[in-house]
Amino acid sequence: ARGILPQAHGVRVVSQRIKQSIMDMGYRLKTEPVVLAIDVDAEKIINAPITLDLKKQFPQFEKHVLMVSRLTPEKNISFAIDVFAECQKKFPHTGLVIVGSGPEEAALRRTVDQRALEKSIVFMPWQDNVASLYKTADIFFQTSLYEGYGLTLAEAALAQCPIVTSNVGIAGNILSEACAAICSVGDEGCCIEPLSRALSDQQYADSLKHNAYTAIKNSLQTHNEYLAAYGRLLTSL
């Protein structure tokens, strides 16, 4: 990065967080980085039908906590399991549904078995219509070590699923603390508190999801607007 970025005629980043990190590093750039987020099809998520209802798929759980993620080290899923294990002591009829695949899947499954959580934590392969999962979950939980943008945060917000997340990507910027419960990376105590509160306080959960939906919806461009912004970025070089 130190060698390449100063040579670029332009630098496009997907979030204000990344722009600030580049600026803080003191690179001698030709131009200031331009923030152009990813192209999110909001209407597709908002209007997506419920083809898979978590409440019907896993009726043994009274509450459903959802994770949608690649099962890779930077997603920090083992930490999420630790947090959920503590919450599950207070809310024994709550389930954690982990949707995705990746190289850590076997190790994560072993961890669940070793901790005797196999009745409370279930793994699902990737689904074509993840929007229906967000819409039928009670909480969306993300524990990533880092994210550039954090597409799943935007998707969960558009599907009006309350969010508990580590402070990565658009968390703390587009999604303020009024929109999501935001915790420092790896802060177990911080994650347990809002996760427990969202499970027990429906008014709090409703407030998070309504605020997040509004914030994300207002932040997104239409596809044509996105293409036009990308065009302006290229012609400005």
Which one of Ala116, Ala80 is closer than 27 Å to Asn173 by Cβ and of a type in the set (A, V, I, L, M)?
Ala80
Going by the conditions given, is Ile121 open to solvent by less than 10 Å² (accessible area, probe 1.4 Å) and either β-branched (Val, Ile, Thr) or at pLDDT below 95 (or both)?
yes
Name every residue in the stretch 152-172 that is open to solvent by 10 Å² or more (accessible area, probe 1.4 Å) and among the polar types (S, T, N, Q), in order of residue number.
Thr152, Gln160, Asn167
Given the criterion farther than 19 Å from Tyr149 by Cβ and open to solvent by less than 50 Å² (accessible area, probe 1.4 Å), identify the matching residue among Leu237, Leu199, Leu175.
Leu199
Anything in the stretch 59-95 that is more than 17 Å from Pro125 (Cα to Cα) and in a loop (DSSP other than H, G, I, E, B)? List them, or say none.
Pro59, Gln60, Phe61, Glu62, Asn76, Phe91, Pro92, His93
Quick one: how many residues across the stretch 90-108 are open to solvent by less than 10 Å² (accessible area, probe 1.4 Å) and under 17 Å from Ile192 (Cβ atoms)?
3
Those residues that are small (Gly, Ala, Ser) and farther than 18 Å from Leu151 by Cβ, I need them from the stretch 8-26; list them, please.
Ala8, Gly10, Ser21, Gly26
Tell me, which residue of the stretch 57-89 that is among the basic types (Lys, Arg) and modelled with pLDDT of 95 or more is surrounded by the most Cβ atoms within 10 Å (Cβ to Cβ)?
Lys75
What number of residues in the stretch 1-60 are within 19 Å of Asn173 (Cα to Cα), touching a Lys or Arg at 6+ places or on another chain (Cβ under 8 Å) and β-branched (Val, Ile, Thr)?
3
Does the stretch 85-108 contain at least one residue that is on the phi > 0 side of the Ramachandran plot and touching an Asp or Glu at 6+ places or on another chain (Cβ under 8 Å)?
no
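The values are calculated or read from the model by the stated rules, or taken from the named source; none is laboratory data. The structure presented is a predicted model; accordingly, all values stated were derived computationally and were not measured. Glycine also receives a Cβ, built like all others from the backbone with ideal geometry; neighbour counts cover every protein chain displayed. These area figures cover heavy atoms from the full protein model, side chains too; ligands, DNA and RNA do not enter into them. Shrake-Rupley method; radii C 1.70, N 1.55, O 1.52, S 1.80 Å.
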